[in-house]
2 protein chains.
Amino acid sequence: MDRTLENNDEIYMREALREAQAAARDGEIPIGAVIVSNGVIIAKAHNLTEQLQDTTAHAEMLAITSATNYLGSKYLTRCTLYVTVEPCPMCAAALCWSQIDRVVYGAADPKRGYSRFSPSLLHPKTEISAGILQDECSAIITEFFKKIR
Amino acid sequence: MDRTLENNDEIYMREALREAQAAARDGEIPIGAVIVSNGVIIAKAHNLTEQLQDTTAHAEMLAITSATNYLGSKYLTRCTLYVTVEPCPMCAAALCWSQIDRVVYGAADPKRGYSRFSPSLLHPKTEISAGILQDECSAIITEFFKKIR
């Protein structure tokens, strides 16, 4: 990966982190996501499972729906999703259906992450990058659970 | 399983089939779902991926969101989902998060069904019943693709 792309990854992951911070302020498990198309953020979302009382309202799911609405297309080819934590199997399979080009995540999730179940939950054509700003993405979750326990 | 439960399964699966028929009329891949709580149908939905241009708009996902809204709870314990086709990994993992009691499906989906990826995508406590009205559930899909090809 060239250095420019890497820098951009950090810029977009910081936006996802901002979404995670917004989630934390609302008492939600702090996970945030953004979707980028041609260098433009077309969707931002954070986890809303508590507010909506809906276990499907993960940051990635809301971002996918928002991005497809924006594009007027059910496919997210040529888009990249940035998410602070490794997607769960639901979100990975949703990303597979969307045929998204690239998925970038921060912290790994050894318990609930999709890769523990099956790496093939994501589309074979989707490029994966892991570990972008992982310390910050992980710290915000650890802090959140420290406070509520 | 006692005979009463089996008969009820057919009754509720017929409702899911009705939803699938509504999907077919709208040009959607004909999959329907209902969620039952204490013998009452609390959510009905069918696939809306074309109409909403959103790959997350599977019948099961819409039914889960609808049922959690109805119950005011993000958990679907003591509920049963009836769906005409084996859930995909996205829907299976969403059902896992919801901690639903029981999932009943009609036709198997050897290509896209969750069980090809990992049976543990569903919650370990969720009871699964397969094959209820499978011929009818399968026929409506076959007919749909025959017409559009």
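The per residue volume of the convex hull around the alpha-carbon atoms of region B:41-116 is 88 Å³. For the protein assembly as shown, the convex hull spanned by the alpha carbon atoms encloses 128 Å³ per residue. Based on every Cα atom in region A:17-149, Rg and the maximum pairwise Cα distance Dmax equal 13.7, 42 Å. Axis angle, to the nearest 10 degrees, between helix B:3-25 and the longest C-alpha principal axis of chain B: 40 degrees. Accessible surface comparison of B:Lys74, A:Lys44, probe 1.4 Å, protein chains only, largest first: the order is A:Lys44, B:Lys74. Counted by Cβ distance under 14 Å from B:Ile148, the other residues give a net charge of 0, where Lys and Arg count +1 and Asp and Glu count -1. As a calculated quantity, the FRET efficiency between B:Ser129 and B:Ala22 at R0 = 30 Å, using C-beta atoms, amounts to about 0.80. In chain B, the calculated helix contribution to ellipticity at 222 nm averages -14000 deg cm²/dmol per residue, counting -39,500 (n - 2.57) for every DSSP H run with n ≥ 4.
Between copies, the label points at A:Arg25 (set 7 angstrom from Cα along Cα-to-Cβ) are spaced 4.6 nm, reported in nanometres from shortest to longest. Exposure check, 1.4 Å probe, all protein chains in place: B:Arg102 carries approximately 20 Å² of accessible surface. Each Lys or Arg adds one and each Asp or Glu takes one away; over the other residues whose Cβ falls under 11 Å from the Cβ of A:Val34, this sums to 0.
Placing +1 on each Lys and Arg Cβ and -1 on each Asp and Glu Cβ, with no other charges, gives region A:54-135 a dipole about its Cα centre of roughly 200 debye.
For region A:1-79, a/c is not less than 1.5, where a ≥ b ≥ c are the root eigenvalues of the C-alpha gyration tensor, and a/b does not top b/c. That puts it in the oblate class.
Inter-copy label distances at A:Ser138, shortest first and taken from points set 7 Å along Cα to Cβ: 4.8 nm. Averaging Cα coordinates gives a centre for region B:97-139 and one for region A:72-123; these two points are 22 Å apart. Count Lys and Arg as plus one, Asp and Glu as minus one, and take only other residues whose Cβ is under 13 Å from that of B:Ala24; the net charge is then -2.
The values are calculated or read from the model by the stated rules, or taken from the named source; none is laboratory data. Here the structure is a predicted model, which means the values were calculated and not measured. Note: ideal-geometry Cβ built from the backbone for every residue, glycine included; neighbour counts use all protein chains shown. Protein only, heavy atoms only, side chains kept; ligands, DNA and RNA dropped before computing areas. Shrake-Rupley method; radii C 1.70, N 1.55, O 1.52, S 1.80 Å.
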